[in-house]
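**Q** Sharing a structure with you now.
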Amino acid sequence: MSTQLNLQTSRISTVVPATPRGEKTGEYNLNYMDLLMKLHYIRSIHLFDSEAVKDLSISDLKAPMFPLLDSCSHVSGRVRVSESGRPFIKCNDAGVRIAESRCEETLREWMDEKEYSVDGLVHDHVLGPDLAFSPLVFIKFTYFKCGGLSVGLSWAHILGDAFSAFNFITNWSHTLDAQAFPKSLHISNFTKPKFLSNSISDYPISVKKATLVDNYWLPANDSYVATHTFHITSKQVHHLATTFTSTKTNTKYFEIISAMIWKCIAQIRGDFGPRVVTVTTSNVSNGVESEFPKNDLVLSRIETNLSPGESNLSELVTLIAEKKMNENHILEKFVEESEGKGDFIVYGAKLTFVDLEEGDFYGVKINGKKPIMVNSDIGGVGDEGVVLVYRGPEDDIGNTGRMVTVSLPGKELDLLKCKLEKEWGI
């Protein structure tokens, strides 16, 4: 069966804030974390069946964007570079782009062909080469033959983290349904992570300097990085938690899944595998969750003398849960000393595990109906690879498994698929 969708993009338009700023354009100053993330992009799709979107026109879908952009004007701005070389965002109401597309296949045919892939349903979006004309956000509405709809988001990471991106789409859907904005995507019972103080080195190892592709804000890779999403059912996750680890009862699924994949990748790469990895978590240490888009992340490194490929799962789980070393203060110093001019890879500089478990990504609803499937990946990933872990759809009895999106060099990803299927039944 063909793996290419019959997609036809019919129109691209622009949505701007509902309240014109006129000549009162401002500037949004980017902090160190924004600048670290400037070469990365968050891409997501929400798939809805025909019942959820019946009688909704493209005008209906675009209308909520106008008031939504009033609350976060920098999202519809454009990047500029100051005389010193430090980027900032000009809040000039240039707008976000809306792409309209049609697919001559049904949602089921798409899922049979492409599984969970976002390719084709998210606009091909990279900043540059002329930053003054590069939108920071693209939203792509794709209508399927069956009447279903895909809402595809491409979000420049410089604007904010994955929770900010998903919160933006959630607020759009609530405005579409004439509901109040939700306060947050974070689940209230999320446990704040504990971090060890970092005193080993003044040079951060969770990022690396990047070479750009031409004049685009996209890092060059030494190998082709492919992406695949695994759906681990609630039964499979429970089996992992109870059978293959001897950890405490409060162990997170993220930690178990990350340990499992770390071990598999280490075996694939040989020579005992990567002994330094990066873990990215949401920063909720101040107890305040903001609706305003921002990069509110903690980047931590984990170093071990163990051989990950030969370690048992519980040892790796303990490392991930208890041995993270927060690099944020070093990263801030590192970026500011370069006056914000550097180009860096974060995701994939080292093998990177991204904890998105506390996000309710199924909070996006149209006509009160949840999407039948949500998926997300990250653009601009380095050669070491990235693993995203987030909640999957509810099963028939209300339990949720996990979606795990992995980006790795193509040959490694193929070997990982075989390994997970053979050894873990995934």
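**Q** What spacing in nm lies between the two simple spin-label points modelled at Asn31 and Leu56, each 7 Å away from Cα in the Cβ direction?
**A** According to this spin-label approximation, the distance is 3.3 nm.
**Q** Under a Cβ-Cβ cut-off of 12 Å, what is the net charge of the residues other than Val137 that fall near it, where Lys and Arg count +1 and Asp and Glu count -1?
**A** On the way: positive: Arg43, Arg78, Arg97, Lys140; negative: none.
So the environment of Val137 carries a net charge of +4.
**Q** By the gyration tensor of its Cα atoms, with a ≥ b ≥ c the square roots of the eigenvalues, what is the shape of segment 33-83: rounded for a/c under 1.5, prolate for a/b over b/c, or oblate?
**A** Numbers: a/c = 3.98, a/b = 1.90, b/c = 2.10.
Oblate, because a/c is 1.5 or more while a/b does not exceed b/c.
**Q** To continue, here is another question. Asn312 to Asp70: extension gain in nm, 0.36 nm per residue of separation minus the Cα-Cα distance? Provide the component values of the computation, followed by the final result.
**A** Details: separation 242, 0.36 × 242 = 87.12 nm, distance 5.12 nm.
In short, 82.0 nm is gained.
**Q** Additional query: Compute the relative contact order of the chain as a whole-number percentage, counting only Cα pairs closer than 8 Å that sit 6 or more residues apart in sequence. Could you put the intermediate results ahead of the total?
**A** Details: 931 pairs, mean separation 95.8, N = 426.
Answer for the chain is 22 percent.
**Q** Something else now. If you scale each eigenvalue of the Cα gyration tensor by 5 and take the root, what three semi-axes come out for segment 278-426, rounded to whole angstrom and sorted largest first? Kindly include the intermediate steps, with their values, before the conclusion.
**A** Working: eigenvalues 144, 116, 53 Å².
Result for segment 278-426: semi-axes of 27, 24, 16 Å.
**Q** Which one, Glu83, Glu303, Glu332, has the greatest fluctuation when you compute a Gaussian network model over the chain with C-alpha springs under 10 angstrom?
**A** Looking only at Glu83, Glu303, Glu332, the biggest GNM fluctuation is shown by Glu83.
**Q** So what is the relative contact order for segment 7-176, in percent, with contacts set as C-alpha pairs under 8 Å and at least six apart? If you can, show how the numbers build up before the last one.
**A** Values: 335 pairs, mean separation 58.5, N = 170.
It rounds to 34 percent for segment 7-176.
**Q** Follow-up question, since we're still on this one. Which one of Gly120, Ile42, Thr106 has its Cα pushed farthest toward the positive end of the charge dipole of segment 7-176, where Lys and Arg give +1 and Asp and Glu give -1 at the Cβ?
**A** Going by the charge dipole, the pick is Ile42.
**Q** Please give the direction-averaged projected area of the C-alpha convex hull for segment 13-60, in square nanometres with one decimal.
**A** Working: hull surface 25.0 nm².
Over every viewing direction, the Cα hull of segment 13-60 projects on average to 6.2 nm².
**Q** On to the next question. Among the lysines, select those whose C-alpha is under 25 Å from the C-alpha of Lys411, and discard any that sit fewer than 8 residues away in the same chain.
**A** Once the sequence-local lysines are set aside, what remains near Lys411 is Lys114, Lys208, Lys209, Lys263, Lys350, Lys419, Lys422.
**Q** Within the chain, which complete DSSP H helices have Cα atoms spanning at least 18 Å along the helix axis and a mean Kyte-Doolittle hydropathy of -0.5 or higher?
**A** Values: long enough: 162-176 (21 Å, 0.41); 253-269 (24 Å, 0.88); 410-424 (20 Å, -0.88).
Length and hydropathy pass: 162-176, 253-269.
**Q** Ok, one more. Can you list residues from other chains, or at least 5 along the same chain, whose modelled amide H is less than 5 Å from the amide H of Leu30?
**A** Amide H neighbours of Leu30: Ile89.
**Q** What is the local net charge at Trp217, summed over the other residues whose Cβ is closer than 9 Å to its Cβ (Lys, Arg +1; Asp, Glu -1)? Present the calculation step by step, with values, prior to reporting the outcome.
**A** Details: positive: Lys38; negative: Asp343.
Neighbour charge sum, excluding Trp217 itself: 0.
**Q** Enter the per residue convex hull volume of segment 1-143, computed from alpha-carbon coordinates, in Å³ rounded to the nearest integer.
**A** Details: hull volume 19.6 nm³, N = 143.
Here the figure is 137 Å³ per residue.
**Q** For segment 348-426, which GluC sites (Glu not before Pro) are in a loop by DSSP, counting at most 11 other Cβ atoms within 10 Å? Write out the running numbers ahead of the final one.
**A** Values: sites: Glu357, Glu358, Glu384, Glu394, Glu412, Glu421, Glu423; in loops: Glu357, Glu358, Glu384.
Within segment 348-426, no GluC sites (Glu not before Pro) qualify (loop, at most 11 other Cβ atoms within 10 Å).
**Q** Can you give the FRET efficiency for Lys417 and Glu339, using 1/(1 + (r/R0)^6), R0 = 35 Å, r = Cβ-Cβ distance, to the nearest 0.05?
**A** Values: r = 43 Å, r/R0 = 1.23.
Calculated transfer efficiency: 0.20.
**Q** Quick one: Debye curve from the alpha-carbon atoms of the chain only, equal weights, vacuum; give me log10 I(q)/I(0) at q = 0.06, 0.13 Å⁻¹ to two decimals.
**A** Each listed q corresponds, in turn, to -0.23, -1.20.
Throughout, read-outs are computed from the coordinates displayed, never taken from laboratory work. Since we're looking at a predicted model, the values are computed, not measured. Cβ atoms come from the backbone with ideal geometry, glycine included; neighbour counts cover every protein chain shown.
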